1. What number of residues within segment 51-75 satisfy the criterion of being under 18 Å from Leu27 (Cβ atoms) and more than 14 Å from the chain's Cα centre (by Cα)?
2. For segment 77-87, what are the residues that are open to solvent by less than 30 Å² (accessible area, probe 1.4 Å) and either touching an Asp or Glu at 6+ places or on another chain (Cβ under 7 Å) or part of a loop (DSSP other than H, G, I, E, B) (or both)?
3. Taking segment 93-102, which residues are outside any loop (DSSP other than H, G, I, E, B) and crowded, with 19+ Cβ neighbours inside 10 Å?
4. Taking only segment 1-30 into account, find how many residues are in a helix (DSSP H, G or I), at pLDDT below 85 and either under 21 Å from Ala101 (Cα atoms) or of a type outside the set (Ser, Thr, Tyr) (or both).
5. So which of Ala116, Ala90 ends up being small (Gly, Ala, Ser) and either surrounded by 14 or more Cβ atoms within 10 Å (Cβ to Cβ) or under 14 Å from the mean Cα position of the chain (by Cα) (or both)?
6. For segment 31-67, name all the residues that are free of Cβ contacts under 8 Å to residues at least 12 places away in the same chain, open to solvent by 60 Å² or more (accessible area, probe 1.4 Å) and part of a helix (DSSP H, G or I).
7. Six or more apart or on different chains, Cβ under 7 Å: which pairs go from a residue in segment 5-30 that's open to solvent by 30 Å² or more (accessible area, probe 1.4 Å) to one that's part of a helix (DSSP H, G or I) and hydroxyl-bearing (Ser, Thr, Tyr)? Could you list them?
8. Being outside any helix (DSSP H, G or I), open to solvent by 70 Å² or more (accessible area, probe 1.4 Å) and without any contact (Cβ under 8 Å) to a residue 60 or more places away in the chain is the requirement here; does Asp110 meet it?
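The values are calculated or read from the model by the stated rules, or taken from the named source; none is laboratory data. Bear in mind the structure is a predicted one, so any value in this text is a computation, not a measurement. All Cβ positions, glycine included, derive from the backbone under ideal geometry; neighbour counts span all protein chains shown. The area values use the complete protein model at the heavy-atom level, side chains included, leaving out ligands, DNA and RNA. Shrake-Rupley method; radii C 1.70, N 1.55, O 1.52, S 1.80 Å.
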Amino acid sequence: MATLLRSAELTGTLQLLDLSEPAAARLLEIDLPRLRRILCGDERLPDDLHEVVEAISRFTDAVVAGMAGQQQVTVYADDRAFIRALPRYAGYTAAWHRTAAARAAVRNPDLHIVYA
């Protein structure tokens with residue numbers, strides 16, 4: 001049962017962060033087939049990877065808080081433009097960044113989101 005709960009938790013977290021399976025595999029430093037086994041509940045999420053998922057969530061929350069304190073945030077349509085503009089977020093995706101900006105806009109309704 002713990003495997004299924006962890007599987008559901010990981011699936012929900014990846015959806016909340018708008019991270020694709022390939023992006024999540026890169027961030028977790030595991031291969032895509034293993035991630036898919038974990039997501040299906042066929043393999044347990046190791047404790048060290050559970051900690052990495054929690055760290056990614058905390059990092060994302062910090063990014064959202066930082067964005068919420070700004071007047072304007074620029075988001076990008078594709079990963080290449082996103083990483084070129086914001087290399088400090090290498091490994092993450094433009095979709096993750098857009099989702100973070102949307103969460104920031106909920107906190108700060110005056111936040112202007114600009115699409116590049």
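1. Applying the first criterion (under 18 Å from Leu27 (Cβ atoms)) to segment 51-75 yields 51-64.
Restricting the remaining residues to those that are more than 14 Å from the chain's Cα centre (by Cα) gives 51.
Result for segment 51-75: 1.
2. Result: Leu86, single match.
3. Quick first cut of segment 93-102, residues outside any loop (DSSP other than H, G, I, E, B) only: 94-102.
Listed by number, the residues that qualify are Ala94, Ala95, Trp96, His97, Thr99, Ala100, Ala101.
4. Step one: filter segment 1-30 for residues in a helix (DSSP H, G or I), giving 2-17, 21-28.
From what's left, at pLDDT below 85: 2-9.
Of the ones still in play, those that are also either under 21 Å from Ala101 (Cα atoms) or of a type outside the set (Ser, Thr, Tyr) (or both) are 2, 4-6, 8-9.
Final tally of qualifying residues: 6.
5. Numbers: Ala116 fails: either surrounded by 14 or more Cβ atoms within 10 Å (Cβ to Cβ) or under 14 Å from the mean Cα position of the chain (by Cα) (or both).
Exactly one of Ala116, Ala90 is small (Gly, Ala, Ser) and either surrounded by 14 or more Cβ atoms within 10 Å (Cβ to Cβ) or under 14 Å from the mean Cα position of the chain (by Cα) (or both), namely Ala90.
6. Listed by number, the residues that qualify are Pro33, Arg34, Arg37, Asp47, Asp48, Glu51, Glu54, Arg58, Phe59, Asp61, Ala62.
7. Partner pairs satisfying both residue conditions: Asp18/Thr99.
8. Numbers: outside any helix (DSSP H, G or I): yes; open to solvent by 70 Å² or more (accessible area, probe 1.4 Å): yes; without any contact (Cβ under 8 Å) to a residue 60 or more places away in the chain: yes.
So Asp110 passes the test.
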